[in-house]
Amino acid sequence: MGAGTRPSAAAAALLAVAACCAALLVAAAPPQSHQPQQHKHVRISGNAGDVLEDDPVGKLKVFIYEMPRKYNHYLLEKDNRCLYHMFAAEIFMHQFLLASAVRTMNPEEADWFYTPVYVTCDLTQQGFPLPFRAPRIMRSAIQYIAATWPYWNRTEGADHFFLAPHDFGACFHYQEERAIERGILPLLRRATLVQTFGQRNHVCMQEGSITIPPYANPQKMQAHLISPGTPRSIFAYFRGLFYDMGNDPEGGYYARGARASVWENFKDNPLFDMSSEHPSTYYEDMQRAIFCLCPLGWAPWSPRLVEAVVFGCIPVIIADDIVLPFADAIPWEQISVFVAEADVPRLDSILASVAPEDVLRKQRLLASPAMKQAVLFHQPARPGDAFDQVLNGLARKLPHREGAFLKPGQKVLDWNAGLDSDLKPW
């Protein structure tokens, strides 16, 4: 069960350490600038690898298919809300690549082929991507490039990458049960998927995928920065749904019950600042907190992870088997606290047991500009940001695996595979 009404001695000690050491962290941190930083190599050692600002230019060349506007621009013009939601990396990656030095106009020299399709711009009235049309749009786009250029057919997509920032990636559904039923769109089975969804041993996570952070507006967060010397007086912070009564009225399916468990165990615990309301001071509050809870929702990921890193709040990741963004480049084990979903009832004691020196070590790593840069899709792009991390991920997959290029006449994919509803024309 959760703690009583009095803060534990260990938690009180952590709050005291956070308050008295804020100035030390400010002094140790490099000065912040509103201007794009000059490119340099920055390495922060961690269990999962190093944060690298290596320049991907010269490591790969990308050819961008010129698609009919109905696959991207018309969808955006129809509903520009998709520029601002957490799936927007799909749009900004296209804009970035158009001006990137890795772009080649000669497909014969390309290492990778990119198809700009904005499936998350096809929105419901409430602003969520339509799950039933997304696979039809993607399938139609693949049919188009296969009929127009020879490059898809020679590999059936093995040297192609696609953005799939849906809740469950290229399974194109926000509910896990429905996503598993659909599975990854069969025509994408040989392609590299660049997606926000990441979970080990899951139907919607195929080998070789590149997991990216969800889009969070860098300019918006920049506008809410407070003095870095502000004491962190909040022990654990969370704002968001605990129950999704509209889609899961019984309360046991949403977030696999983890969010409900957080609320039921700690709603009366003064160490936990939690609410389902989203205040105007949300970003400022995160900068006053030591720990920011990042539990799974319908999917394991959410923008909270990005927000926590940017605001120096230690992410508390509650999502079993999650595959984190750029896990080969960002030392998540060193900057986060991982809590198993089954251990949520002990969350207070788990967090209180984190040694003060470990808290300070994580906060110092989070204070690094390179760490924050790696999870943000800046406009314009900056060296070492999430765009560069995607390109470096693609470069690390070169040369292409054996068997990527098919023999003349060889076919691997079944164009008629998939749900009947997904085979309908778009």
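The values are calculated or read from the model by the stated rules, or taken from the named source; none is laboratory data. The structure displayed is predicted, hence computed values, not measured ones. Cβ sites come from the backbone with ideal geometry, for glycine too, and all protein chains shown count toward neighbours. Areas reflect the complete protein model, heavy atoms only, side chains present, ligands, DNA and RNA absent. Shrake-Rupley method; radii C 1.70, N 1.55, O 1.52, S 1.80 Å.
Which of Q287, Q199, Q410 moves most in a GNM of the chain, Cα contacts under 10 Å?
Judging by the Gaussian network model, the answer is Q410.
What does a probe at F128 reach in region 164-178, counting residues whose amide N is under 15 Å from the point 7 Å along Cα→Cβ?
Residues 166-169, 172-178 fall inside that zone.
Over 22 Å, how big is the tail of the calculated P(r) for region 218-375, in percent of all Cα pairs? Show your work: numbers first, answer last.
Values: 4773 of 12403 pairs.
Tail of P(r) above 22 Å: 38 percent of Cα pairs.
Considering only DSSP beta bridges where both residues belong to the chain, give the percentage that are antiparallel (nearest 5).
On the way: 2 of 28 bridges.
About 5 percent, rounded to the nearest 5.
Translational diffusion coefficient, Stokes-Einstein: compute it for region 108-224 using the Kirkwood radius over C-alpha pairs as Rh, at 4 °C and 1.567 mPa s, and state it as an integer in µm² s⁻¹. Walk me through the numbers before you get to the answer.
Numbers: Rh = 15.1 Å.
Reported coefficient: 86 µm²/s.
Starting from the Kirkwood radius over alpha-carbon pairs of the chain, derive D by Stokes-Einstein at 10 °C in a medium of 1.306 mPa s and give it in µm² s⁻¹. It would help to have the intermediate numbers written out before the result.
On the way: Rh = 22.6 Å.
Value of D from the Cα-based Kirkwood radius: 70 µm²/s.
Any idea how many Lys pairs in the chain come in under 16 angstrom at the alpha carbon, given 8 or more places apart or on separate chains? Present the calculation step by step, with values, prior to reporting the outcome.
Numbers: K40/K372; K59/K397; K61/K397; K70/K78; K220/K372; K362/K372.
Lysine pairs meeting both conditions in the chain amount to 6.
Mind checking which of L187, L293, L398 has the largest fluctuation in a GNM of the chain, springs on alpha carbons under 10 Å?
Checking each option, the largest mean-square fluctuation is seen for L398.
I want the local charge near R232. Using Cβ-Cβ distances under 11 Å, sum +1 for each Lys or Arg and -1 for each Asp or Glu among the other residues.
On the way: positive: R288; negative: D285.
Residues near R232 contribute 0 overall.
With springs only between Cα atoms under 10 Å, which of A404, A258, A236 fluctuates most in a Gaussian network model of the chain?
Taking springs between Cα atoms under 10 Å, the residue moving most is A404.
Output the relative contact order of the chain, whole-number percent, from Cα pairs under 8 angstrom with separation of 6+ residues. Let's see the in-between values first.
Numbers: 779 pairs, mean separation 101.8, N = 426.
Computed over the chain, the figure is 24 percent.
Rounded to the nearest percent, how much of the accessible area of the chain (1.4 Å probe, protein heavy atoms only) is carbon and sulfur? Write down the numbers at each step before the final one.
Details: 9630 of 18240 Å².
For the chain, the apolar C and S fraction of the accessible surface comes to 53 percent.
How high is the relative contact order of region 136-225, in percent, with contacts defined as C-alpha pairs under 8 Å that are six or more residues apart? All intermediate terms of the calculation are to be shown ahead of the outcome.
On the way: 111 pairs, mean separation 21.8, N = 90.
Over region 136-225, the number comes to 24 percent.
Counting only other residues whose beta carbon sits under 13 Å from that of C121, what net charge do I get with K and R as +1, D and E as -1? Please list the in-between numbers first.
Values: positive: R69, K70, K78, R81, R133; negative: E77, D79, E90, D122.
It works out to a net charge of +1.
Net charge near R288, counting Lys/Arg +1 and Asp/Glu -1 over other residues with Cβ under 10 Å of its Cβ?
Numbers: positive: R232; negative: D273, E284, D285.
Counting the neighbours of R288, the net charge comes to -2.
Would you grab the residues whose amide H sits under 5 Å from the one on F197? Only those 5+ places off in sequence or on another chain, please, with H modelled 1.01 Å from N.
G169
What do you get for Rg/Rh of region 258-345 when both radii come from the Cα atoms and Rh is the Kirkwood radius?
On the way: Rg = 12.9 Å, Rh = 13.7 Å.
A ratio of 0.94.
Considering only V337, A355, Q379, whose Cα is most displaced toward the positive end of the charge dipole of region 276-426, charges sitting on Cβ of Lys, Arg (+1) and Asp, Glu (-1)?
So the residue furthest toward the plus end is Q379.
Ranked highest first by the average count of other Cβ atoms within 10 Å around their residues, in what order do 168-176, 58-66 fall?
Going from most to least packed, we get 168-176, 58-66.
Apply the a/c threshold of 1.5 to the C-alpha gyration tensor of region 306-371 and tell me whether it is rounded, prolate or oblate. Mind dumping the intermediate values first?
Values: a/c = 2.20, a/b = 1.26, b/c = 1.75.
Cα axes put region 306-371 in the oblate bin.
Place the peptides 145-156, 415-426 in order of packing, highest mean first, counting for every residue the other Cβ atoms within 10 Å and averaging per peptide. Mind dumping the intermediate values first?
Values: 145-156: 16.1, 415-426: 12.8.
Put in order of decreasing packing, that is 145-156, 415-426.
With a/c under 1.5 counting as rounded, go ahead and sort region 302-426 into rounded, prolate or oblate using the C-alpha gyration tensor (a ≥ b ≥ c being the square roots of the eigenvalues; past the cut-off, prolate if a/b is larger than b/c, else oblate). Walk me through the numbers on the way to the answer.
On the way: a/c = 2.54, a/b = 1.74, b/c = 1.46.
Taking the square roots of the gyration eigenvalues as a ≥ b ≥ c, region 302-426 is prolate.
What does the accessible area per residue of the chain come to in Å², with a 1.4 Å probe and no ligands, DNA or RNA counted? The partial results should precede the final answer.
Details: 18240 Å² over 426 residues.
Dividing the accessible area of the chain by its residue count gives 43 Å².
How big is the charge dipole of the chain about its Cα centre, in debye rounded to the nearest 20, if each Lys and Arg gets +1 on its Cβ and each Asp and Glu gets -1 on its Cβ? Each step should come with its number before you reach the end.
Values: 39 positive and 44 negative charges, 145 e Å.
Using Cβ point charges on Lys, Arg, Asp and Glu, the chain gives about 700 debye.
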